[in-house]
Amino acid sequence: MPQYLFDNAAAQTGGRFSVLERCYDPVSQGQLELTGLAAGWRCLEVGGGSSSLGDWLGERVGPGGQVTVTDIEPRWAAGRERPAHVRLVRHDIVRDPLPGDGYDLVHARLVLQHLPERLHVLERLVEVLRPGGWLVLEEFDCGWTPVLAAPDETAAALFDRVHSALIGLLQEAGGDPLFARRMTGAMARAGLTRLAATTYAEAWPGGSAGIALHRHNSDQVADRLAAAGITNGDLDRFRALLQDPAFIVNSYPLLSVRGRRPLLEDLR
């Protein structure tokens, strides 16, 4: 049965969340601001991980607003102090009833592409928006991670081989590594309007904060990579390559799409 490839109970989860916060939180915050995010808003952060964005939303909406942060494994966020108007909920977005409705803003980053039920989940997220409310979805385009520089062709080929095996595991688990390219159309079919999309990417040299994401991900599924033909020697060379400043790879492009649930008068 397909299941989430990167189990949030694994030891590598904290390192992965740290990379995402450092490299992508400023991007996500900018996208959320574009919705008109303001004091008093009610927000839902789905798959909130360490709750870095959920806590930031709490600061933006203030005590007159409300933020609900959900995750299937909330322990990574449980240690953070947060005000009373930001609540943390253990929640399975596929199976559990959604925690409330009438939200001004719903946000999910790097959640739907992992779920075989992604389109059903998208419809559920639209349903809990108030008329005029905004949905912001962000996903990686895992099909465009070109090597920009490498010590030699062998090193570049090694990265591509390990990364391709990792993406193959994501697909076997029911994920869609290219869902980001289909996300805008899916949101339109779900009835959202005023759709807008942007893409963010940067170069990750060996030893940089961002490239460590590849280390955390490959370490977490090393046993499955071995079954896919990636040897321990391959992984050792891969880890060394990720520390080599002569190696530079493009980051995962993050596609951010926002759409608005129409107002009732727009439907007349």
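The values are calculated or read from the model by the stated rules, or taken from the named source; none is laboratory data. Just so we're clear, the structure is a prediction, and the values are computed from it rather than from any experiment. Don't worry about glycine lacking a Cβ; one is built from the backbone with ideal geometry, like all the others, and counts go over all protein chains shown.
Would you point out the residue of the range 226-244, among those that are assigned to a helix (DSSP H, G or I) and among the aliphatic types (A, V, I, L, M), that is farthest from Ala209 (Cα to Cα)? Quick ask: steps written out before the conclusion?
Here is the first cut: in the range 226-244, the ones assigned to a helix (DSSP H, G or I) are 226-227, 232-241.
With the extra rule that they be among the aliphatic types (A, V, I, L, M), the set shrinks to 226-227, 235, 240-241.
On the way: Ala226: 26, Ala227: 28, Leu235: 19, Ala240: 15, Leu241: 14 Å.
Going through the qualifying residues, I end up with Ala227.
Quick one: count up the residues across the range 215-268 that are modelled with pLDDT of 95 or more, over 13 Å from Leu158 (Cβ atoms) and among the β-branched types (Val, Ile, Thr).
Counting residues in the range 215-268 that are modelled with pLDDT of 95 or more, over 13 Å from Leu158 (Cβ atoms) and among the β-branched types (Val, Ile, Thr) gives 2.
Could you check the range 61-91 and list, in sequence order, the residues that are in contact with a strand residue (DSSP E or B) (Cβ under 9 Å, 6 or more places away or on another chain) and of a type in the set (Asp, Glu)?
Asp71, Glu73, listed by residue number.
Give the range 245-260 a look and list any residue that's under 11 Å from Gly206 (Cα atoms) and assigned to a loop (DSSP other than H, G, I, E, B), or say none.
Selection gives Pro245, Ala246, Phe247.
For the range 196-227, name all the residues that are among the hydrophobic types (A, V, I, L, M, F, W, C) and under 20 Å from Gln29 (Cβ atoms).
Across the range 196-227, the qualifying residues are Ala196, Ala197, Ala201, Ala209, Leu213.
Restricting to the range 100-141, name every residue that is more than 26 Å from Pro253 (Cα to Cα), part of a loop (DSSP other than H, G, I, E, B) and modelled with pLDDT of 95 or more.
Within the range 100-141, Asp101, Gly102, Val128 qualify.
Cβ-Cβ below 7 Å, separation at least six or inter-chain, first residue in the range 215-232 and within 21 Å of Phe17 (Cα to Cα), second of a type outside the set (Lys, Arg) and in a loop (DSSP other than H, G, I, E, B): which pairs?
Close Cβ pairs satisfying both conditions: Arg215/Leu242; His216/Gln12; Asn217/Phe6; Asp219/Gln12; Gln220/Phe6; Gln220/Ala10; Gln220/Gln12; Val221/Leu5.
Let's see how each residue does on (1) assigned to a helix (DSSP H, G or I); (2) among the small types (Gly, Ala, Ser); (3) more than 22 Å from Val147 (Cα to Cα):
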site	(1), (2), (3)
Leu170	yes, no, no
Gly175	no, yes, yes
Arg181	yes, no, no
Thr184	yes, no, yes
Arg224	yes, no, yes
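Among the residues of the range 174-193, is there at least one that is under 16 Å from the mean Cα position of the chain (by Cα), of a type in the set (S, T, N, Q) and within 30 Å of Pro131 (Cα to Cα)?
yes
Among the residues that make up the range 84-98, is at least one of them touching a residue at least 60 places away in the same chain (Cβ under 8 Å) and out of contact with any Gly (no Cβ under 7 Å at 6 or more places or on another chain)?
There is no residue in the range 84-98 that is touching a residue at least 60 places away in the same chain (Cβ under 8 Å) and out of contact with any Gly (no Cβ under 7 Å at 6 or more places or on another chain).
Against the condition surrounded by fewer than 20 Cβ atoms within 10 Å (Cβ to Cβ), more than 14 Å from the chain's Cα centre (by Cα) and touching a residue at least 40 places away in the same chain (Cβ under 8 Å), how does Glu59 come out, does it pass?
Taking the combined requirement at face value, the residue does not satisfy it.
Take the residues in the range 1-59 that are among the aliphatic types (A, V, I, L, M) and assigned to a helix (DSSP H, G or I); name whichever of them is farthest from Val121 (Cα to Cα).
Going through the range 1-59, the residues among the aliphatic types (A, V, I, L, M) turn out to be 1, 5, 9-11, 19-20, 27, 32, 34, 37-39, 44, 46, 53, 57.
Within this subset, residues satisfying the condition of being assigned to a helix (DSSP H, G or I) are 19-20, 27, 32, 53, 57.
On the way: Val19: 26, Leu20: 22, Val27: 23, Leu32: 20, Leu53: 20, Leu57: 22 Å.
The selected residue is Val19.
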